[in-house]
Amino acid sequence: MRQFFMWFKLGCAFLMYTLAGCAGTPAMPPLHDASYPLTPGQSAAIGGGASVRYEAFADSRCPQGAQCIWAGKVSYQFVLSSAAGQERFALDYAGQRVEASTVPGLWFGISFERVSAVPVEQHAVVLEVRRTAAPRP
């Protein structure tokens, strides 16, 4: 009788394990157009199992009150992580667009709308994610 219960438990465990495997994995929400306010170190899930992390910024602008030959610029560095791998990219100004090489048809840009509540020193940006239709053959 004890052997029967052992086999019964083993059979139930096998059945539950098999049924759990049939459930599959939940579908990932698709990539979509959206805007993500970010500060350095923050990430945003952009759909399709992909995410973008605002890694850092590089500020080479002339300090206030100094006289400089070159005005300098601020460059914002990001990392796109997807099933295709990781890809680093930088954006230097609002209106600039960068196309992802690991996710064809996905474009990134930055703006500074809706960041007025964050001090400028924190280099907050709004990451603009746009999906373009795949080119037709």
Please enumerate the residues belonging to the range 55-72 that are assigned to a strand (DSSP E or B) and either in contact with a His (Cβ under 9 Å, 6 or more places away or on another chain) or free of Cβ contacts under 8 Å to residues at least 24 places away in the same chain (or both). 56, 57, 58, 59
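Report yes if residue 44 is small (Gly, Ala, Ser) and assigned to a strand (DSSP E or B), otherwise no.
On the way: small (Gly, Ala, Ser): yes; assigned to a strand (DSSP E or B): yes.
When the stated conditions are applied, residue 44 passes them.
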Could you run through the range 79-98 and say how many residues are among the hydroxyl-bearing types (Ser, Thr, Tyr) and part of a loop (DSSP other than H, G, I, E, B)? 1
Selected residue (only one of 78, 112 is at pLDDT 90 or above, surrounded by 11 or more Cβ atoms within 10 Å (Cβ to Cβ) and either under 21 Å from residue 40 (Cβ atoms) or touching an Asp or Glu at 6+ places or on another chain (Cβ under 6 Å) (or both)): 78
Residue under evaluation residue 101, criteria (1) within 16 Å of residue 130 (Cα to Cα); (2) assigned to a strand (DSSP E or B); (3) not β-branched (Val, Ile, Thr), criterion not met: (2)
Any idea how many residues of the range 115-132 are modelled with pLDDT under 85 and of a type outside the set (Ser, Thr, Tyr)? 8
For the range 77-104, pairs from a residue that is on the phi > 0 side of the Ramachandran plot to a residue that is among the β-branched types (Val, Ile, Thr), with Cβ under 7 Å and 6 or more apart or across chains, are 85/102
What are the residues in the range 32-44 that are at pLDDT 85 or above and either loosely packed, with under 13 Cβ neighbours inside 10 Å or of a type in the set (Asp, Glu) (or both), if any? 33, 41
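The values are calculated or read from the model by the stated rules, or taken from the named source; none is laboratory data. Just so you know, these numbers come straight off a predicted model, no measurement behind them. Neighbour counts are summed over all protein chains in view; Cβ atoms, including those assigned to glycine, are modelled from backbone coordinates with ideal geometry.
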